[in-house]
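So the structure is just underneath, and the comments pick up after that.
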Amino acid sequence: MSDLDIEESLKKIRDDMYAGRFDDALASSNIIISQHPDNIDGLYMKAVCQRYLGQNDNALTTIETLKNHSPDFGRAHQEEGHIYRALEDYQKALTAYRRACQCNPSLQASFKAQAEIFQMLGNAAAATEMRNQEQRILAMPRDLVAISHLLYEGKLIKAENAARYFLQKNPKNVEAMRLLAEIGSRLGVLEDADFLLESAIVFEPENIQVRIDYIQILRKRQKFVQALEQCKTLYAQDTGNPVFQSLYAIELMQTGDYEKALELFDSVLEKLPNDPITLTSRGHALKTYGAHEEAVGSYQKAIGADAGHGDAYYGLANLKTYQFSDDELHQMRNQEKGSALSYQNRIHICFALGKAYEDRKDYETSFDYYEKGNMLKRNQSRYDADQMTSELEAQIKACTPELFAKQGGKGFDAPDPIFILGLPRAGSTLLEQILASHSQVDGTLELPNILSMAHRLRRQKQASNVSLYPDNLHDLDAQQFYDMGKDFIDSTRIHRQDAPFFIDKMPNNFRHIALIKLILPNAKIIDARREPMACCFSGFKQLFAEGQEFTYGLKEIGQYYSDYVRLMDHWDSVLPGAILRVQHEDVLDDLEGQVRRMLDYLGLPFEQSCIDFYKNKRAVRTASSEQVRQPITKASVDTWRHYEKNLMPLKTALGSNIVENVA
């Protein structure tokens, strides 16, 4: 059955349902499901038909299947609520309706049903709150409600087209701008989302939700200064508002003010003592700040408040040094087996279970959970490995010796930046911690500035919609290179202290070394490299807060590593001597020798503090934060070998890189 045939069949089922022909509709939905067992719309309509035909037990079975395929499909939870309401199990109905509204806040029927149940149960306050939410949806234009449904059901292209059409007719409708910005965010078009929300604030400066959405986008773009200013604006309106306090605390974390952030989290918890989200955010702050035991306690308290709060479980796992108890393991397994988890909570718990079983040396079960977590992430991702290969190949073709001969020496001549780049989980955090322990070097974080500049250059497109970057590097003039270099130094100032040099540890900057050397000719570049199987498998085990989507598949990460090596070989050939390669295994074998080698490359005197890097109390904002607060260890060097039989897709994708790098 083709996609067109499925659409026609679904339309007929809807027509039969509207006409009350539920037997016919059920028969048709069964035909679709027999050929396409994971068709979400077919499963949903089957469950609705079963309920109308009084087959409530069968309907619940169908809903369970539907939720397994699409845990965040709001109408599935709404239908589950309708079924339990028909069975007069009102508590389960309320739970299902509440989950439906979390997945899709435009489900009017779920708010209405909750209001009616709460009223029947004598909870007038809750009933009023639900009616207010129902009225909010009823007040929205019907077109925007329909767009919301498309958005929250993952039909993003349809939602985008509908939102743009609506905005053409209603160019100042703030709610439509919010929806289109959310669609852009989910599609990864963050710059457009940023512009939309900035414009929406101009139209409605007192609209709190717009400002909160804008803060989230600014944070995603790592525009921390602007996000902090927006948070200050909200906080100044009501310093006792726990939502404003929490938002302000999160942005203070991003700009390094952990003491003030923790004060605000504590203020929130005075009002909401068992709020799992705040407790988890507080745990993240304490982890970064180096307060290990307090972080553990905060994560555990979050789990105590909500046994399905996956972010807290993964917070514990991401400490790397924490080992789950038998009771915690049992609790995670029970949560993961159930159907109540949101999609994101399930991802977090799967990665946490992978770590828990790894610590128990049950590598087969551990891999099963790592693979499941990665599969769930891949289902969310729009990453295309072949497209990335093409993008990196474009760098090789465009960034020739002729480019550097023509354009070299035109940028901003500041010697401040030290770029540590490569792949995530390659030992870059260790190198940063070593160098940031030097009196003349500030550690910062994975700065987005180079990637943003490349993105702006990429958006200059031909009529064919083909990006001109990196070819347009040949056409920029000296002033443009100078301005971009100066902008990088100025815009990163907020992350620095007083040292003359600072580190940008964004691993993905290896894709843009030509841009770096043209705008900052005196910048130093260190390529952090690790044995490929160890590096790639470590990335596969890691659930990243944002980006790095190539890590969520063994083939994908192996292909990415191979592309990275090929591109770095190119940079070595066109920029001889410009890049220092530091092999992670060499640092483990000869710490002092590699420290002296890096400092010689940077032109810095030797300092013992670089050897004693683990004594440095600076905040570390990556997954390796706990590991770099301990002396050098080789404990995880060969972890991948325990999983070797499962890693053939990775070995195949790496090809000759395994031999070349191990030799």
Index of the failed condition, LYS169 passing every other in (1) over 29 Å from the mean Cα position of the chain (by Cα); (2) within 24 Å of ASP41 (Cβ to Cβ); (3) charged (D, E, K, R)
(2)
Among the residues of segment 376-385, write down those that are in contact (Cβ under 8 Å) with a residue 24 or more places away in the chain and part of a helix (DSSP H, G or I).
LEU376, LYS377, ARG378, GLN380, ALA385
Considering segment 587-617 alone, what residues qualify as being farther than 27 Å from GLY290 by Cβ and either aromatic (Phe, Trp, Tyr) or in contact with a Gly (Cβ under 8 Å, 6 or more places away or on another chain) (or both)?
TYR601
Considering only helices (runs of 4 or more DSSP H) wholly within segment 400-461, the ones with at least 3 residues that are more than 19 Å from ARG581 (Cα to Cα) and open to solvent by 20 Å² or more (accessible area, probe 1.4 Å) are 401-407, 449-458
Of everything in segment 177-195 that's of a type in the set (D, E, K, R) and over 15 Å from the mean Cα position of the chain (by Cα), which residue is surrounded by the most Cβ atoms within 10 Å (Cβ to Cβ)?
ARG178
Qualifying residues in segment 357-399 (those that are among the aromatic types (Phe, Trp, Tyr) and at pLDDT 95 or above) - the one most open to solvent (accessible area, probe 1.4 Å)
TYR363
Does LEU588 fit the bill of being closer than 17 Å to SER428 by Cα and of a type in the set (A, V, I, L, M)?
yes
Restricting segment 326-346 to residues that are modelled with pLDDT under 95 and not polar (S, T, N, Q), the residue that is nearest to ASP72 (Cα to Cα):
TYR343
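Looking only at residues that are in a helix (DSSP H, G or I) and open to solvent by 40 Å² or more (accessible area, probe 1.4 Å) in segment 558-591, which one is nearest to ILE525 (Cα to Cα)?
ASP572
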Among residues belonging to segment 519-557 that are part of a loop (DSSP other than H, G, I, E, B) and aliphatic (A, V, I, L, M), point out the one that is surrounded by the fewest Cβ atoms within 10 Å (Cβ to Cβ).
ALA545
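Residue under question is THR365, and the condition is that it be touching a residue at least 40 places away in the same chain (Cβ under 8 Å), hydroxyl-bearing (Ser, Thr, Tyr) and in a helix (DSSP H, G or I); does it hold?
no
Taking segment 476-516 as the search range and keeping residues that are under 21 Å from GLY408 (Cα atoms) and outside any helix (DSSP H, G or I), which one is farthest from the chain's Cα centre (by Cα)?
Across segment 476-516, the extreme among qualifying residues is ASP477.
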Looking at GLN237 and the list (1) under 22 Å from LEU180 (Cα atoms); (2) open to solvent by 70 Å² or more (accessible area, probe 1.4 Å); (3) of a type in the set (S, T, N, Q), which single condition is not satisfied?
(1)
All helices (runs of 4 or more DSSP H) inside segment 242-306 with 2 or more residues being among the charged types (D, E, K, R), open to solvent by 30 Å² or more (accessible area, probe 1.4 Å) and touching a Phe, Trp or Tyr at 6+ places or on another chain (Cβ under 9 Å):
258-271
Among residues belonging to segment 313-347 that are over 28 Å from TYR152 (Cα atoms) and touching a residue at least 60 places away in the same chain (Cβ under 8 Å), point out the one that is surrounded by the most Cβ atoms within 10 Å (Cβ to Cβ).
ASN318
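The values are calculated or read from the model by the stated rules, or taken from the named source; none is laboratory data. Every value quoted in this text rests on a predicted model; they were computed, and no experiment measured them. Heads up, the Cβs are rebuilt from the backbone with ideal geometry, glycines too, and the neighbour counts pull from every protein chain shown. Quick note on the areas: whole protein, heavy atoms, side chains included, nothing else; ligands and nucleic acids left out. Shrake-Rupley method; radii C 1.70, N 1.55, O 1.52, S 1.80 Å.
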